[in-house]
1. Using a Gaussian network model of the chain with C-alpha springs under 10 Å, which one of D123, D38, D52 is most mobile by mean-square fluctuation?
2. Explain nothing, just compute: Karplus ³J(HN,Hα) = 6.51 cos²θ - 1.76 cosθ + 1.60, θ = phi - 60°, for every residue of the stretch 214-221 in order, whole Hz, x for Gly and Pro.
3. Most fluctuating residue of R127, R218, R164 in a GNM of the chain with Cα springs under 10 Å: which is it?
4. Could you pull out every residue, at least 5 positions away or on a different chain, whose amide H is within less than 5 Å of the one on H180? Hs are placed 1.01 Å off N in the peptide plane, and Pro or chain starts have none.
5. May I ask for the net charge around R106, where only other residues with Cβ less than 12 Å from the Cβ of R106 are counted and Lys, Arg are +1 while Asp, Glu are -1?
6. In the chain, how does Rg compare with the Kirkwood Rh, expressed as the Rg/Rh ratio over alpha carbon atoms?
7. For D197 and L224, calculate 0.36 nm times their separation in residues minus their Cα-Cα distance, and state this gained length in nm to one decimal.
8. Measure nothing but the geometry: give the 0 to 90° angle between the long axis through the Cα atoms of 69-80 and the longest principal axis through the Cα atoms of the chain, rounded to 10°.
Amino acid sequence: MSSNPSLPLGAALPGWTRRASPQPVTIDGRTCRIEPLDVARHGEDLLAAFRDTDEASWVYLFIGPFADDAGILTWLTEAANSKDYIYSAIIDRASGRAGGVCAFMRPDPANGVVEIGSIHYADTLKRTPATTEAMYLLMRYVFDELGYRRYEWKCNSLNAPSRRAALRLGFRFEGIFRNHLVVKGHNRDTAWFSILDSEWPALKGAYERWLAPENFDRDGKQRLSLSEMIIAARG
């Protein structure tokens, strides 16, 4: 039984094959390093980082805030041992200490799709080039090394900072899934964002120009914003 040629179909993908699953990876950047989350190696740093984070930073996450260090350590141990999510520690090269975590979520190698999420940074790491570079390094791994077609970002639709971050990083807003989840006893409508493989070359160039040392003055302030560079790259 052949498909009806009169009915519209999506673009043909001749030669498409299942991609490899994302793996825990170590990736060196200029301002940060990505390492597979290891409680023995990163636990003390992350305890110190997350012990003092603003309590509001946990509101939209599936976990936290925690009553004590034992709660944080239990979560980190579960995250490091997860079979569903691939967690990474984000190392600030300036201090040499782990200051954040993130995870590849819901990998779909058959279709070349993966989500980045479960992102949490120490207050000292927020709004630094290291966090942007970490996101770039993981995108580069997914698109350039694994050959994936789609990279997703999802968040609570009420999480304005996360939505701004997604747009700044070059994700495109796709819509709201209403009554998508129940999180901490509350309804969550979920905002969906994505980057496609066809968009990646332009975004990659914008990231590399933004991260270049010459884009920062002596005080570490950016000369041009990432958003400006992405707009220019997209034409």
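1. Maximum fluctuation in the GNM of the chain, among the listed residues, is at D52.
2. Each residue's phi maps through the Karplus curve to give 5, 7, 10, 7, 4, 8, x, 8 Hz.
3. Maximum among the listed residues: R218.
4. R188, D189, T190
5. -2
6. Ratio value, two decimals: 0.98.
7. That works out to 7.2 nm of additional length.
8. That helix lies at roughly 30 degrees to the long axis.
Since every read-out is calculated from the coordinates, none of them should be taken as a lab result. Treat the numbers as computed from the prediction; the structure is a model and nothing was measured. Reconstructed Cβ throughout: ideal geometry from the backbone, glycine too, with neighbour counts over all protein chains shown.
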